[in-house]
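The values are calculated or read from the model by the stated rules, or taken from the named source; none is laboratory data. What you are looking at is a predicted structure, and each value in this text was computed from that prediction instead of being measured. FYI the Cβ positions are ideal-geometry reconstructions off the backbone, even for glycines, and counts take in every protein chain you see. Note: areas computed on protein heavy atoms with side chains; ligands, DNA, RNA excluded. Shrake-Rupley method; radii C 1.70, N 1.55, O 1.52, S 1.80 Å.
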Amino acid sequence: MEANTSLWRSYLGVIVSRERQRMEHFQRAEDILLTLLESVHAREPRFLVDYARNLEAFEFTLCASEDAVTLEIPLRIDGDALRVLACQTRDSPARHPSELNTCYLEVCSSGTDLEDWTGVVDVMEHRGGVGCLLPGKILQHLKELLVSAIVHCQRLFLLQPGDISAENLREDAMELSLLIRGSWKTIRFDIVPVVRRQQEPLQLQRRQRDKGFPEGSLRKAMEEAHFVPASPHCWRSSTHLPILKLLRGVDSLQGPRLDSLRLLDQLRDQDWGGQGGKGTLTFNHLKMVLLWSTELFPSPEDWQDLEGSVYRLLVILLRCLATQHLPHFLNPEENLFQGVGPDLASLYHKVESFAWDPQRFLHFHFGLHGFSGSWQADTETRALLHLPSKDASYWNTAYFDMLLSQFQVFRIQDSARLSAVSQLLSKIRQKIPQQS
């Protein structure tokens, strides 16, 4: 048992040892980006510079791969004075058919600071001649300002050759991608303009309890709505920063919760991806799995050791892969695996192999991926994981406790939970075929 614990801890120790260097890379790249954004603001005060980037730095150090950093640029506009209207089908983003909450931002009163925008950015006419803020026009304006600011800063020697590249800027993209050199490592920043407004009370009623989270953290994370471009005409509600706020809240809880995320993300990058570590599963998916595990396993008893904590995330991830359905934590009606298709089946077998034989994966290697073949899984456990997903009774603590017991990592003494697992397993065994 001690040797097994040491293996998990040694693997995690290597991951954590890299974070200081990653933070240094981020801070240097951030300094370059802030220099650029200050130049943009000086030319166009309607784009604000937000210096509070602790959440983005926090996320970057957690992530094992070189994923892009999403950076929201606030607009100087009174978002609370805008009216939110549902987008018409013709204006909705066709490349994201599952995109939820797309909308127009309609100007329905004075005092929104929109008059500052009309001289530079067109507004479209909608519903009787009332103006709406056009995200496509704002993106184009910001893009021109960024390119101009790069040239300006280079002429003043505020930026060195190779510090920044705008070669990834695309005409049709809903974000503006810049490659910035952080020490010897290049970091991609996806810049998006954002309109902020106070969240409407109805939007907060989906989750009234902070089950598993620090008190008040859910409401605080969702008190402000962020609207970012979804198409040239429509905006969408972004949960990027609310999710990071919740992740920071999880970090304040006892137990190796974020360590579990770190470990699984390293496996995702090293063993579960395709060529170059790129694959179907993303760090954003794993963040959602951690948030669900925090709610579904609210007891501190669930988070006593690293191995048990990792398996709290694993059983949820396996269930989502088996059913090809990962609900968004703040918008549960949104399936984050929608449209992914056959790749999930292959990924499921890789994750399942780790769950049955983790020692085979808890080491670092270079070059070829370490995954080879699939472990012979227990047939009953696999049947339990593939139970029909439409039944809501299979998305609760008792169901996932049952899966933990199948992997022999339950180790919970709560009599009520033990009884619930026994009753649920007995009920399910009457439904699924018995395997010899």
**OP:** Sort out which residues of the range 380-397 are loosely packed, with under 12 Cβ neighbours inside 10 Å and either at pLDDT 90 or above or over 17 Å from residue 335 (Cα atoms) (or both), and write them in order of number.
**Re:** 393
Original post:
What are the residues in the range 211-241 that are open to solvent by 50 Å² or more (accessible area, probe 1.4 Å) and farther than 17 Å from residue 102 by Cα, if any?
Top reply: 211, 215, 219, 220, 223
Original post:
Across the range 176-187, which residue is farthest from residue 228 (Cα to Cα) among those that are buried (at least 19 other Cβ atoms within 10 Å of the Cβ) and under 21 Å from the mean Cα position of the chain (by Cα)?
Top reply: 187
**OP:** Determine the pairs where a residue that is in contact (Cβ under 8 Å) with a residue 24 or more places away in the chain and open to solvent by less than 70 Å² (accessible area, probe 1.4 Å), located within the range 30-52, has a partner that is part of a loop (DSSP other than H, G, I, E, B) and of a type in the set (Val, Ile, Thr) with Cβ atoms under 9 Å apart, the partner being 6 or more residues away or on another chain.
**Re:** 37/49; 40/49; 44/120; 46/77; 46/120; 46/121
Original post:
Using beta carbons and a limit of 6 Å, which pairs, at least six apart or on different chains, have the first residue in the range 157-175 and charged (D, E, K, R) and the second one surrounded by 10 or more Cβ atoms within 10 Å (Cβ to Cβ)?
Top reply: 163/32; 163/181; 175/190; 175/192
**OP:** Go through the residues of the range 223-235 one by one and say whether even a single one is free of Cβ contacts under 8 Å to residues at least 40 places away in the same chain and more than 23 Å from residue 87 (Cβ to Cβ).
**Re:** yes
Subject >> Which listed residue, of 421, 409, is of a type in the set (Val, Ile, Thr), in a loop (DSSP other than H, G, I, E, B) and at pLDDT 90 or above >> reply: 409
Original post:
How many of the residues in the range 319-363 are charged (D, E, K, R) and either in contact with a strand residue (DSSP E or B) (Cβ under 9 Å, 6 or more places away or on another chain) or part of a loop (DSSP other than H, G, I, E, B) (or both)?
Top reply: 3
Original post:
Of the numbered conditions (1) closer than 15 Å to residue 233 by Cα; (2) open to solvent by less than 50 Å² (accessible area, probe 1.4 Å); (3) modelled with pLDDT of 70 or more, residue 143 satisfies every one except a single condition; which is it?
Top reply: (1)
Original post:
Taking the stated definitions as given, is residue 416 at pLDDT 80 or above, assigned to a helix (DSSP H, G or I), under 28 Å from the mean Cα position of the chain (by Cα) and loosely packed, with under 14 Cβ neighbours inside 10 Å?
Top reply: no
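Residues checked against (1) open to solvent by 10 Å² or more (accessible area, probe 1.4 Å); (2) outside any strand (DSSP E or B); (3) in contact with a Pro (Cβ under 7 Å, 6 or more places away or on another chain); (4) hydrophobic (A, V, I, L, M, F, W, C):
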| residue | (1), (2), (3), (4) |
| --- | --- |
| 244 | no, yes, no, yes |
| 254 | yes, yes, yes, no |
| 264 | no, yes, no, yes |
| 286 | no, yes, no, yes |
| 289 | no, yes, no, yes |
| 295 | yes, yes, no, no |
| 298 | yes, yes, no, no |
| 315 | no, yes, no, yes |
